[in-house]
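Colleague: Please find one structure pasted underneath; my questions will follow.
The values are calculated or read from the model by the stated rules, or taken from the named source; none is laboratory data. Here the structure is a predicted model, which is why all the values come from computation and not from measurement. Note that we place each Cβ from the backbone using ideal geometry, even for glycine, and neighbour counts take in every protein chain shown.
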Amino acid sequence: MDQDLRFGGGMGVEGTTETARIGRTTLAKTRLPPLCAATALAVLAGCASLDATEAAGDDPSSPSSGTVGGPILRAGDSYTDTIPGTLVHFEMVAVPGGEVTVEGPEGSRTEEVEPFYIGRTEVSWDMFDVFMFTLDEQGLTPDADALARPSEPYDVPDYGWGRSGYAAISISYHSARAFAEWLSEKTGDRYRLPTEAEWVHAAQLAAGDEPLTEARLDEIAWHAGNSAEQAHPLATREPDALGLHDLFGNAGEWVLSDYRMPVIRGGSFRDPPVEIGPQSWAMQDGRWTERDPQLPRSTWWLTDAPFVGFRLIREP
């Protein structure tokens, strides 16, 4: 059943913005560097296509519709954003709000969550490397007030498994939050880690009505039974019921929480199928930084946790 899904605000890109309209669709027209021109045209084309679909029969007053920056959206609809100053893009998927029961380190609790957007995939190295290596500032004068960026890692954080098209792994909780803050500043939209309740809510929708049997997990997740004990390229398994990739398995995903130590959700490529699902969690411990020679240990990297990554949500 379609669910009510209403958002405010639009997609942030960068720089000076003007308001433009295509049919009933309102979008921000931004002065982009030459490098981003093709991406900007693609975004405009996508919005025009959405408006055409809307005109073909969607009723803006329908209780199953919602808005974001003007267009009428339904649960599971998506948009693509680009990191300003680059051609690196990422896709976000709409998630309706609702009530969710969370099982975690301190037992069970029930919460209400508001609608939000969630990344179709985990944050990739392509995205994280822009942040890490200041690829968005090539040729520009360094900003003295810029956010801190990751330090040089002690070892190779991708373990040699692959970079482009792979999830950014070995990423600390602090590092993931810093990336989200940087991306928010770059785009003008509010990106962050999901709360534990938001992640579990999205995961329950992603699991759908069918049980997460081992056979089904083989189709949508990289786990201990099919991963050869390593991370795999993003979106190489089938999408789940919400249209997301790798929410279960591949890399475990950081969530915002108030526990004594940070928590990841969803299981990873090292976990057996029975330990992967909406209520799966693991709390960080000393083994995740066992080989880190620094004292104090790095706030940016997890030397011994290549099974840890993250996925962002966007607040409406």
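Colleague: Can you report the number of residues in region 271-299 which are in contact (Cβ under 8 Å) with a residue 40 or more places away in the chain, surrounded by 19 or more Cβ atoms within 10 Å (Cβ to Cβ) and either of a type outside the set (S, T, N, Q) or not in a loop (DSSP other than H, G, I, E, B) (or both)?
Modeller: Residues flagged as in contact (Cβ under 8 Å) with a residue 40 or more places away in the chain, surrounded by 19 or more Cβ atoms within 10 Å (Cβ to Cβ) and either of a type outside the set (S, T, N, Q) or not in a loop (DSSP other than H, G, I, E, B) (or both) within region 271-299 amount to 6.
Colleague: Another question about this same structure. Given the options 231, 207, name the one that is out of contact with any Gly (no Cβ under 6 Å at 6 or more places or on another chain), among the hydrophobic types (A, V, I, L, M, F, W, C), over 20 Å from residue 90 (Cα atoms) and in contact (Cβ under 8 Å) with a residue 40 or more places away in the chain.
Modeller: Within the list 231, 207, the selection yields 207.
Colleague: Okay, moving on. If we scan region 171-178, do we find a residue that is buried (at least 22 other Cβ atoms within 10 Å of the Cβ), part of a loop (DSSP other than H, G, I, E, B) and of a type outside the set (A, V, I, L, M, F, W, C)?
Modeller: Yes.
Colleague: Now, a different point. Suppose we filter 184, 151 for residues that are at pLDDT 95 or above, of a type in the set (S, T, N, Q) and out of contact with any helix residue (DSSP H, G or I) (no Cβ under 8 Å at 6 or more places or on another chain); which single one remains?
Modeller: Going through 184, 151 in turn, just one is at pLDDT 95 or above, of a type in the set (S, T, N, Q) and out of contact with any helix residue (DSSP H, G or I) (no Cβ under 8 Å at 6 or more places or on another chain): 184.
Colleague: So, in region 256-268, how many residues would count as being farther than 16 Å from residue 302 by Cα and either aliphatic (A, V, I, L, M) or more than 18 Å from the chain's Cα centre (by Cα) (or both)?
Modeller: Residues flagged as farther than 16 Å from residue 302 by Cα and either aliphatic (A, V, I, L, M) or more than 18 Å from the chain's Cα centre (by Cα) (or both) within region 256-268 amount to 4.
Colleague: Considering region 240-253 alone, what residues qualify as being within 15 Å of residue 202 (Cα to Cα) and part of a loop (DSSP other than H, G, I, E, B)?
Modeller: Passing the criteria: 240, 241, 242, 243, 244, 245, 246, 247, 248.
Colleague: Inside region 248-262, can you point out the residues that are in contact (Cβ under 8 Å) with a residue 24 or more places away in the chain and farther than 20 Å from residue 222 by Cβ?
Modeller: Listed by number, the residues that qualify are 256, 257, 259, 261, 262.
Colleague: Going through region 72-96 one residue at a time, which ones are over 17 Å from the mean Cα position of the chain (by Cα) and either among the β-branched types (Val, Ile, Thr) or under 13 Å from residue 198 (Cβ atoms) (or both)?
Modeller: Matches in region 72-96: 72, 86.
Colleague: Sticking with this structure for a sec: Condition test on residue 224, is it crowded, with 22+ Cβ neighbours inside 10 Å and either aromatic (Phe, Trp, Tyr) or touching a helix residue (DSSP H, G or I) at 6+ places or on another chain (Cβ under 9 Å) (or both)?
Modeller: In short, no.
Colleague: Please state which one of 103, 114 is surrounded by fewer than 20 Cβ atoms within 10 Å (Cβ to Cβ) and within 18 Å of residue 311 (Cβ to Cβ).
Modeller: Step by step, each of 103, 114 is checked, and only 114 is surrounded by fewer than 20 Cβ atoms within 10 Å (Cβ to Cβ) and within 18 Å of residue 311 (Cβ to Cβ).
Colleague: Continuing with the same structure: So, in region 254-268, how many residues would count as being closer than 15 Å to residue 278 by Cα, in a loop (DSSP other than H, G, I, E, B) and of a type outside the set (Ser, Thr, Tyr)?
Modeller: So the answer is 2.
Colleague: Is it true that residue 203 is in a loop (DSSP other than H, G, I, E, B) and either under 21 Å from the mean Cα position of the chain (by Cα) or under 18 Å from residue 177 (Cβ atoms) (or both)?
Modeller: No; evaluated as a whole, the condition is false for this residue.
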